[in-house]
1. Figure the gain on full extension for Glu291 and Ser376 (residue separation times 0.36 nm, minus the Cα-Cα span) and round it to one decimal in nm.
2. Gain in length, Glu30 to Ala104, computed as 0.36 nm per residue apart minus the alpha-carbon separation, to one decimal in nm?
3. Just add up the charged neighbours of Ala57: K/R +1, D/E -1, any other residue whose Cβ is under 10 Å from the Cβ of Ala57.
4. For the range 104-238, just say rounded, prolate or oblate: build the C-alpha gyration tensor, square-root its eigenvalues into a ≥ b ≥ c, call rounded for a/c under 1.5, and beyond that prolate if a/b exceeds b/c, oblate if not.
5. Indicate the gyration tensor shape class of the chain (rounded, prolate or oblate), computed on the Cα atoms with a ≥ b ≥ c the square roots of the eigenvalues: a/c under 1.5 is rounded; otherwise a/b larger than b/c is prolate and the rest oblate.
6. What whole-number value in Å² describes the accessible area per residue of the range 150-235 for a 1.4 Å probe?
7. For a quick protection proxy, order the peptides 312-322, 117-127 by their average other-Cβ count within 10 Å, most packed first.
8. Which net charge results for the neighbourhood of Leu163, defined as the other residues with beta-carbon distances under 11 angstrom from its beta-carbon, given Lys and Arg at +1 and Asp and Glu at -1?
Amino acid sequence: MWQLTSAIRFYPWGSRTVIPELLGQPSPAERPHAELWMGAHPDDPSRLDDGRSLDTAIAEEAERLLGPAVVERFGPRLPFLVKVLAADTPLSLQAHPTMEQAAAGYAAEEAAGIPHDDPTRTFKDPWHKPELLLALTTFEALCGFRPVEESLHCLAKLQVPELKPTIAALARGGLRAAIPQLLALSGKRRAALVEAVASKAATFVAAHDPEFINTYRWAAALAESYPGDAGVVISLMCNHLKLAPGEAVFLPAGNLHAYLSGAGVEVMASSDNVLRGGLTRKHVDLAALIEVLDFSDGRIPVLHPVLGPGGLRYRVPVEDFDLTRVELDDQAGTLTTRGPQVLLCTEGRAVLAAADGELVLEKGQSAFVPAGAPVSARGPALLFRTTTNLRG
């Protein structure tokens, strides 16, 4: 097993305190720390304490590090990526493709010769990106489309004349009609619509009208940061989730979502494919977004863990990853799994013991454990263990 040295991503929406304090660094930091990446994604692979990057080590000895079952299913690559995400301001409204959509989109852009670092590039790799967000603090997010009848009521209550075409499209043809209609609006019409919606939403918030108050509050706030952005109106048709620490949400392919605020452990298939639909100044490929969006409506369930081997497990319907919350006391507990593991310590001090010796993880530190390697751990500490979800 190896301790990991992992990259930090600095984005304007990040927090100046959460990740620096997790890593024991000065806080508040000079610039926002948005994400801490732990894994072997080629854009920012973690480094091992023998000097190699994790993706290089896996390329050199894939079967030993990943196990034959993982190599057979996913090829010689770590199929998951672990992040600590800390958002002080909202991320973009976005969705991720299925495996088939990602492979086709990636192949088309490769054939067209679009450089990987081109800001108009949509598909960065040929992989899907289902993801799980587990809240470390109170965490707010927009996640999937709320029931259409509820969206109609939410929009109509505002009594904004500029919203009538959207309401008509939603009533007549559902989300598949309303969302493209919004995204296709000209700049002037879109700006007027967003301004009117935000202004009216703010009046309901000021009046302390409880119905849709969080939805309206966020719409008004988002319009201040992204004036004229259709994502402000789309946010009214999305489920608003508020996760307590320890709760989680799973986001499958096609789910339109935006993380609004808070910190969490994010585990995903190892991909960087993001199709943005609003609340951003980055490139938006509307045709590609419409192609991948899941327009079904309904509540998005909050995931609560169940007791599993080693701790509290968050069940997900994909094979790429599996996340367990492990509370360690001073008695050694077994953490051995068939697949490779990334272990992240977020509280206390964890002592890992394996055939090659002991490794101490302080708060904010992480380790990679090869597939099937016998390993035990003692604390007191809180660990998050990510491995694969292959059965049999």
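The values are calculated or read from the model by the stated rules, or taken from the named source; none is laboratory data. Predicted model, so just to flag it, every value in this text is computed and none were measured. Glycine also receives a Cβ, built like all others from the backbone with ideal geometry; neighbour counts cover every protein chain displayed. We work out accessible area using only protein heavy atoms, side chains counted, and drop any ligands, DNA or RNA first. Shrake-Rupley method; radii C 1.70, N 1.55, O 1.52, S 1.80 Å.
1. Working: separation 85, 0.36 × 85 = 30.60 nm, distance 4.57 nm.
So the extension gain works out to 26.0 nm.
2. Working: separation 74, 0.36 × 74 = 26.64 nm, distance 4.08 nm.
Full-extension gain reported as 22.6 nm.
3. Working: positive: Arg47, Arg52, Arg64; negative: Asp50, Asp55, Glu60, Glu61.
Taking every other residue near Ala57 into account, the sum is -1.
4. Details: a/c = 2.01, a/b = 1.59, b/c = 1.26.
It is prolate, given that a/c is not under 1.5 and a/b is the larger ratio.
5. Working: a/c = 2.11, a/b = 1.70, b/c = 1.25.
It is prolate, given that a/c is not under 1.5 and a/b is the larger ratio.
6. Details: 3970 Å² over 86 residues.
Ligands and nucleic acids excluded, the figure is 46 Å² per residue.
7. Numbers: 312-322: 19.1, 117-127: 16.4.
Order by mean packing, descending: 312-322, 117-127.
8. Details: positive: Lys157, Lys164, Lys200; negative: Glu162.
Surrounding charge for Leu163 is +2.
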